[in-house]
Amino acid sequence: MIDGILTLRLTYNPGGAFGLGQSVPGFFVVASLVIAATIVYLARKVDDPRWLLPLGAVLGGGVGNLIDRFARSPGGQVVDFIDLQVWPLFNVADSAIVVGVSILFFLSFRAPKNEP
């Protein structure tokens, strides 16, 4: 696509980020379900609306990868296709998770501290 920077390359990843845990794809299914349920439960209790967008990004990315594992490929694999040449392959759902978690991390440091 963009010579030396971006290539679209179809791969199937049974593991998690960076291909870790390829021998236990079931772990990622269970972890994604638990995290998704936790986000849905906690999002109803959020007082500050700034937290909702990154929570939605993490939820959407996780659900997107779950759909991939169940519907698009055999053996519980996700389709990774974005190749930046200097980084492991990933997909749009992975990007949403990373951006969402990064924003949540940033917001957690900016949150007011509860003082007794």
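A short reminder: the numbers here are calculations on the coordinates, not readings from a lab. What you are looking at is a predicted structure, and each value in this text was computed from that prediction instead of being measured. All Cβ positions, glycine included, derive from the backbone under ideal geometry; neighbour counts span all protein chains shown.
Largest mean-square fluctuation among Q85, Q77, Q22, in a Gaussian network model of the chain whose springs join Cα atoms under 10 Å apart, belongs to Q85. The alpha carbon convex hull volume per residue for the chain rounds to 135 Å³. For F90, neighbours were defined as the other residues whose beta-carbon sits under 9 Å from its Cβ, and their charges (Lys and Arg +1, Asp and Glu -1) total -3.
Going from the residue with the fewest nearby Cβ atoms within 10 Å to the one with the most, L104, L59 rank L104, L59. Overall, the chain carries a charge dipole of about 280 debye about its Cα centre when +1 sits on the Cβ of Lys and Arg and -1 on the Cβ of Asp and Glu, all other atoms neutral. For region 53-71 and region 96-112, compute the distance between their C-alpha centroids and round to whole Å. A separation of 17 Å, based on Cα centres.
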